[in-house]
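What follows is a short report on a single structure.
The values are calculated or read from the model by the stated rules, or taken from the named source; none is laboratory data. Remember, it's a predicted structure, so these values are computed and weren't measured experimentally. Cβ atoms come from the backbone with ideal geometry, glycine included; neighbour counts cover every protein chain shown.
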Amino acid sequence: MIRRIALCAVIVAVGATSVAGAQSRTMQGDRETLIQLERDWDQAFRSKDVAFIANVLAEEFMATYGDGTRVDRAQELEMIANFNLQIDSSRVDDFTVNLYDDTAVVWFTQHLVGPSQGQALELTYRYMDVFVFRDGRWQCVASQSTQVAGAP
């Protein structure tokens, strides 16, 4: 009987530790992490840091672009490695992050400035990225972008 009580106490203590560990992620912390991840991803794209982006993209990643084109993870990484247009500046803002346990949807706006035919060209895109939390980190499983018509 004493052994059972001791065993139950150990099981309860281990269970409480597991719950406390699982709760160490907070909604606010996850929001901040995801926003920073999007900012870092933007910087990694501009610097062609394919290894960083490969770490962010889940194996089943799919992107859909405004023209309806769809690419998988390998195609996305290849496009990043071969990207050769000049971007003078890029800014991401206007974040909305919704969390659903180990899934998150992140909406944001990206503002790009670069040269085109000798003129400064400004483009604005809206993104929706879907992340899952696995293996202790957030990974993007889906991304959709749309160019904002007539935006400065």
Tally the residues that are farther than 18 Å from Y100 by Cβ and crowded, with 17+ Cβ neighbours inside 10 Å, restricting the search to region 128-142.
0
Reported set for region 30-49 where residues are touching a helix residue (DSSP H, G or I) at 6+ places or on another chain (Cβ under 7 Å) and buried (at least 17 other Cβ atoms within 10 Å of the Cβ) is L37, W41, A44, F45
Index of the failed condition, S116 passing every other in (1) without any contact (Cβ under 8 Å) to a residue 12 or more places away in the chain; (2) in contact with a helix residue (DSSP H, G or I) (Cβ under 8 Å, 6 or more places away or on another chain):
(2)
Within 30 Å of S24 (Cα to Cα) and either among the charged types (D, E, K, R) or modelled with pLDDT of 95 or more (or both) - does that describe any residue in region 78-91?
no
Name every residue in region 69-90 that is touching a helix residue (DSSP H, G or I) at 6+ places or on another chain (Cβ under 8 Å), surrounded by fewer than 14 Cβ atoms within 10 Å (Cβ to Cβ) and part of a strand (DSSP E or B), in order of residue number.
none
Of the numbered conditions (1) part of a loop (DSSP other than H, G, I, E, B); (2) touching a residue at least 12 places away in the same chain (Cβ under 8 Å); (3) surrounded by fewer than 12 Cβ atoms within 10 Å (Cβ to Cβ); (4) not β-branched (V, I, T), G66 fails exactly one; give the number of that condition.
(3)
